[in-house]
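Encoded as structure tokens, the structure appears first; notes follow it.
Please treat every number below as a calculation from the coordinates, not as lab data. Quick caveat: nothing in here was measured; it's all calculated off a predicted structure. All Cβ positions, even for glycine, are placed from backbone atoms using ideal geometry, and neighbour counts span all protein chains on display.
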Amino acid sequence: MFGIMEAYKEGTKEILNILEEVINKLQSMETLAVYRDFVTDFIVELEVRFRDWPNAKSAIYSKIRQESVNYGQRDKECISELQNFLQAVNMTVEDIELMIRFKKRSNKEFHKGEYLKHLEPKEARENFEASFPDSLKVFKDSFRRVFNALDHWDKYRNSDMLTKNSCI
């Protein structure tokens, strides 16, 4: 009898742990759903109000993509200008980074579907050749070129070879 009660207790604990995990995930998804549009609205306003947003946005996305801690030398001027601009609304560049990460997480959660495996960008690129199905083969060459362009731009992001408005 004691063995049955112990097994029942363990089973109940496991069910409660799973239930807690599901509730936490649901709360997270609800939060992402409610606040993601505010991020979009905010970014649209930045695009209109901050004159150098394209360069700052590129620097922020590059930092996130490369998982860098700091901005490259080439990006420091526009990031500093963005920081100064944001002070008027009591915000920092780190706030912008967090909002972009929030939006990326929201996109990941809502567009992956429960049945799909999500890969981080680095892992997705490593598995690219093997993971692309024949039905989507027409896009493969363009994705290779996108990856090469991102690598090229990231590699030379801190280089003196590029000017601030360079198209290289």
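7 Å from Cα along Cα→Cβ at both TYR61 and LEU136: what's the point-to-point distance in nm?
Between TYR61 and LEU136, the simple spin-label model gives 1.9 nm.
Run the simple label-point estimate for ASN17 and PHE2 please: 7 Å along Cα→C-beta, distance reported in nm.
It works out to 2.3 nm between the two label points.
In degrees, nearest 10, range 0 to 90: what is the angle between the Cα axis of helix 53-66 and the longest Cα principal axis of the chain?
Tilt of helix 53-66: around 50 degrees.
Return the single residue from SER58, SER68, SER142 with maximal mean-square fluctuation; model: Gaussian network over the chain, springs between Cα atoms under 10 Å.
Taking springs between Cα atoms under 10 Å, the residue moving most is SER142.
Just to confirm the filter: which chymotrypsin sites (Phe, Trp or Tyr not before Pro) across segment 52-152 are DSSP coil and have at most 11 other Cβ within 10 angstrom of their Cβ?
Hits after loop and neighbour filter: TYR115.
May I ask you to derive the FRET efficiency for LYS25 and GLU77 from their Cβ-Cβ distance with R0 = 41 Å, giving the value to the nearest 0.05? Let's see the in-between values first.
Working: r = 41 Å, r/R0 = 1.00.
Efficiency at R0 = 41 Å is approximately 0.50.
At what distance in nm do the modelled label points of ASP151 and VAL69 sit from each other, each positioned 7 Å from its Cα along Cα→Cβ?
2.6 nm
For the chain, which longest stretch is free of loop sites, where a loop site is one of the GluC sites (Glu not before Pro) that DSSP puts outside H, G, I, E and B and that has at most 16 other Cβ atoms within 10 Å? Don't jump to the answer; show the numbers that get you there.
Details: sites that count: GLU67, GLU114.
For GluC sites (Glu not before Pro) (loop position, at most 16 other Cβ atoms within 10 Å), the longest site-free span of the chain is 1-66.
Longest span of the chain, sites excluded, free of trypsin sites (Lys or Arg not before Pro) in DSSP loop with at most 15 other C-beta atoms within 10 Å? Kindly include the intermediate steps, with their values, before the conclusion.
Numbers: sites that count: ARG51, LYS112, LYS117, LYS164.
The reported range is 52-111.
Around GLY3, with a cut-off of 15 angstrom between Cβ atoms, what is the net charge of the other residues, counting Lys and Arg +1 and Asp and Glu -1?
On the way: positive: LYS9; negative: GLU6, GLU10.
Surrounding charge for GLY3 is -1.
Pairing the Cα long axis of helix 76-87 with the longest principal axis of the chain, what angle in degrees results, from 0 to 90 and rounded to the nearest 10?
Here the helix axis deviates by roughly 70 degrees.
For GLU126 and THR92, what does the FRET efficiency come to when R0 = 30 Å and r is the distance between their Cβ atoms, rounded to the nearest 0.05? Can you show the working numbers first?
Numbers: r = 33 Å, r/R0 = 1.11.
Efficiency, rounded to the nearest 0.05: 0.35.
Listing TYR35, TYR8 from the residue with the fewest other Cβ atoms within 10 Å to the one with the most, what is the order? Working shown, then result.
Values: TYR35 13, TYR8 10.
Placing the least packed residue first, the sequence is TYR8, TYR35.
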